[in-house]
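The block underneath contains the structure these notes are about, expressed in structure tokens.
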Amino acid sequence: MPATGGQDQRATRGHRSCPHTADLVVEAWGENRNACLEEATSGLVATFADTSNINVTHIVPFALEPGSDRELLVRLLEEVVYVVDVLSVVPVSTEIESTQDGGIAGFFEVAPVDAIEPVGAMPKGVSRHELHMGSGNGRWSGQA
């Protein structure tokens, strides 16, 4: 299946979305867990918004308690859905750091929903069906 945005899976980090029977699947990869998670958020946003020429207006911090890598992926993507739905902003970029207790914390650089160019339907949720997150072959990959 073709990658969206011209992403090459051989690149150090990236993302793509693929059609799925119910909706779509976002795949992401990176040199470490946090890079992979950052790419997953970019991949989800790319399914519904073109943020390439958007000016960031403010920062929205987040912190997720420890969990499995798969659970952190789901909760992070749910956080994206939350900020879009409740705060009416779209993450333009994401910065993530691991916390000492095994969770993650960071921030989204965001812009108002009405400032973005829509390219698809805004997500309503994140499915755990066919969920994957882990490392292998010298990089991390995830799918949701």
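Here Glu117 does not fit the description of being under 16 Å from Ser17 (Cα atoms) and charged (D, E, K, R). Note on the stretch 80-106: residues that are open to solvent by 10 Å² or more (accessible area, probe 1.4 Å) and under 12 Å from the mean Cα position of the chain (by Cα) total 6. Looking across the stretch 123-137 at every residue that is over 13 Å from the mean Cα position of the chain (by Cα) and at pLDDT below 90, the one that is least open to solvent (accessible area, probe 1.4 Å) is identified as Ser127.
If you take the residues of the stretch 40-52 that are within 13 Å of Leu76 (Cβ to Cβ) and among the polar types (S, T, N, Q), which of them is least open to solvent (accessible area, probe 1.4 Å)? So the residue we want is Thr41.
Would you mind finding the one in Leu37, Leu77 that is out of contact with any strand residue (DSSP E or B) (no Cβ under 7 Å at 6 or more places or on another chain), at negative phi and open to solvent by less than 40 Å² (accessible area, probe 1.4 Å)? It is Leu77.
Checking the conditions here, which among Glu130, Glu109, Glu79, Glu95 is closer than 15 Å to Val25 by Cα and either charged (D, E, K, R) or without any contact (Cβ under 8 Å) to a residue 40 or more places away in the chain (or both)?
Just a single option satisfies the conditions, and that option is Glu130.
Given the residues Ala111, Ala11, Ala3, which is the only one that is of a type outside the set (Ser, Thr, Tyr) and at pLDDT 95 or above? Every option except Ala111 fails the conditions.
The values are calculated or read from the model by the stated rules, or taken from the named source; none is laboratory data. These numbers come from a predicted model, not from an experiment. So basically every Cβ, Gly included, is an ideal-geometry build from the backbone, and we count neighbours across all protein chains shown. Ligands, DNA and RNA are stripped out before the accessible areas are found, and what is left, the full protein with its side chains, is counted by its heavy atoms. Shrake-Rupley method; radii C 1.70, N 1.55, O 1.52, S 1.80 Å.
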